[in-house]
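Beneath this line is the structure, given in structure tokens, with notes to follow.
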Amino acid sequence: IPTGDDLVKAILDLKKEKNAVILAHYYQPGPIQDIADFLGDSLQLARQAKETDADMIAFCGVHFMAEAAKILNPTKKVVLPDTLAGCSLADGCSAEGLNKMREQHPNALVATYINCNAETKAASDIIVTSSNAEQIIEALPKDRPIIFAPDKNLGRYLSKKTGRDMILWDGSCIVHEAFSMERIAKQLADHPNAKLIAHPESESPVLELAHFIGSTSALLNYVEQDDCQEFIIATEEGILHEMKKRAPHKSLIPALVFDESCNCSECFFMKRNTLEKLYLCMKYELPEIIMDEEIRLKALKPIEAMLELSK
Ligand code: 13P
Ligand code: SF4
């Protein structure tokens with residue numbers, strides 16, 4: 001495997017040779033963000049994957065994101081650097097479990113966060129991402145209860161925002177759950193001019209302290225556009241790479257987590273991807289996302305319902 005600048009050049013050469021596009025999430029390691037053709041949140045990346053005319057999509061994110069790209073654009077070859085790039089939310093929610101909840105609440109609509117696998121999507125009525133969840137929940141018929149899976153923290157936040165009762169799946173993000181309300185309150189006291197901004201996967205006590213709550217792209221836009229000069233950031237620390245580029249003169253402070261020996265919050269799954277693995281997956285076109293066509297078509301329906309409602 002080439003190293004340093006040669007590695008970057010080799011990836012760019014493979015991109016040309018294979019007519020590939022590199023899509024990356026804001027939580028990816030910095031060097032991957034720098035080489036990507038498009039950087040985005042889950043919704044932006046799904047849209048980009050749907051629209052691309054490249055022959056190969058090298059998806060630098062976690063497995064459910066690459067799978068969503070394949071669901072939306074099945075004729076493209078979708079590869080990801082490491083198939084073990086999972087997600088605690090996706091890994092903890094099965095289609096069987098969701099179907100059982102539906103049996104208990106036969107009149108309910110099932111709204112599922114995009115952080116889930118294709119089978120779980122196929123068992124859902126509509127998919128949401130953190131960028132469009134509020135808008136979509138608001139648009140659901142008021143006379144039907146809502147089952148929301150898998151993130152109970154996002155579900156609780158949405159229920160509070162929209163006033164809709166929700167039956168929640170008991171799932172959470174291991175990264176966002178690690179933020180400590182007590183330690184963040186102390187950070188705010190130490191930085192009286194700072195604003196706390198948080199991803200809605202964080203627990204309620206952290207969200208209650210936050211000046212602004214939003215998806216990764218919304219957090220980025222907020223830091224760039226708001227007059228405040230100092231921010232405490234309660235989301236995965238990879239976002240700081242792009243945030244520093246967009247707001248180079250602002251002070252960006254990672255929110256503290258429970259474990260005092262660790263000052264930042266990293267998604268172990270997102271960080272499985274490396275430039276070396278990106279090079280190898282593009283060179284050998286492996287690991288590739290392969291899907292059962294029946295599941296793909298079933299999973300496509302609730303994603304299309306989402307895209308239709310969040311144009
Ligand atoms: P966004 O859609 O806000 O980028 O969130 C994805 C995610 O996995 C957050 O943990
Ligand atoms: Fe999943 Fe949390 Fe990692 Fe996002 S940060 S990919 S929700 S484990």
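Descriptive notes on the structure:
Okay, residues lined up against (1) within 16 Å of ligand 1 (Cβ to nearest atom); (2) among the aliphatic types (A, V, I, L, M):
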residue	(1), (2)
9	no, no
14	no, yes
45	yes, yes
65	yes, yes
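- When we screen 20, 49 for residues that are outside the structural domain of residue 155 (by TED's automatic domain parsing), closer than 23 Å to residue 220 by Cα and among the hydrophobic types (A, V, I, L, M, F, W, C), the only hit is 49.
- The set of residues in region 123-144 that are among the polar types (S, T, N, Q) and buried (at least 18 other Cβ atoms within 10 Å of the Cβ) comprises 124, 129, 130, 131, 132.
- Residues in region 86-100 that are within 16 Å of ligand 1 (Cβ to nearest atom) and outside any loop (DSSP other than H, G, I, E, B): 4 in all.
Yes/no matrix, rows are residues, columns are (1) within 16 Å of ligand 2 (Cβ to nearest atom); (2) under 22 Å from residue 60 (Cα atoms):
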residue	(1), (2)
104	no, no
117	yes, yes
122	no, no
155	yes, no
161	no, no
181	no, no
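- Contact map, region 285-311: first residue more than 17 Å from residue 73 (Cβ to Cβ), second residue of a type in the set (Asp, Glu), Cβ cut-off under 9 Å, separation 6 or more or different chains; pairs are 287/82; 305/125.
- Residue identified as outside the structural domain of residue 276 (by TED's automatic domain parsing) and either within 19 Å of residue 274 (Cβ to Cβ) or modelled with pLDDT of 95 or more (or both) among 54, 95, 69: 95
- Taken over region 57-85, residues that are under 19 Å from residue 269 (Cβ atoms), outside any helix (DSSP H, G or I) and of a type in the set (D, E, K, R) amount to 1.
- Filter pass, residue 285 being surrounded by fewer than 22 Cβ atoms within 10 Å (Cβ to Cβ) and more than 16 Å from ligand 1 (Cβ to nearest atom): yes
- Residues (more than 20 Å from the chain's Cα centre (by Cα) and touching a residue at least 60 places away in the same chain (Cβ under 8 Å)) located in region 78-103: 97, 98, 101
- Residue match in region 262-278 (condition: away from ligand 2 (no atom under 16 Å from the Cβ), free of Cβ contacts under 8 Å to residues at least 24 places away in the same chain and either of a type in the set (Phe, Trp, Tyr) or assigned by TED's automatic domain parsing to the domain that holds residue 234 (or both)): no
- Residues of region 16-33 classified as surrounded by fewer than 19 Cβ atoms within 10 Å (Cβ to Cβ) and in contact (Cβ under 8 Å) with a residue 60 or more places away in the chain, total: 3
- Within region 225-244, the residues that satisfy the criterion of being away from ligand 1 (no atom under 16 Å from the Cβ) and either surrounded by 13 or more Cβ atoms within 10 Å (Cβ to Cβ) or not in a helix (DSSP H, G or I) (or both) are 226, 227, 228, 229, 230, 231, 232, 244.
The values are calculated or read from the model by the stated rules, or taken from the named source; none is laboratory data. Predicted model, so just to flag it, every value in this text is computed and none were measured. Counting neighbours? That spans all protein chains shown, and the Cβs are built from the backbone with ideal geometry, glycine included.
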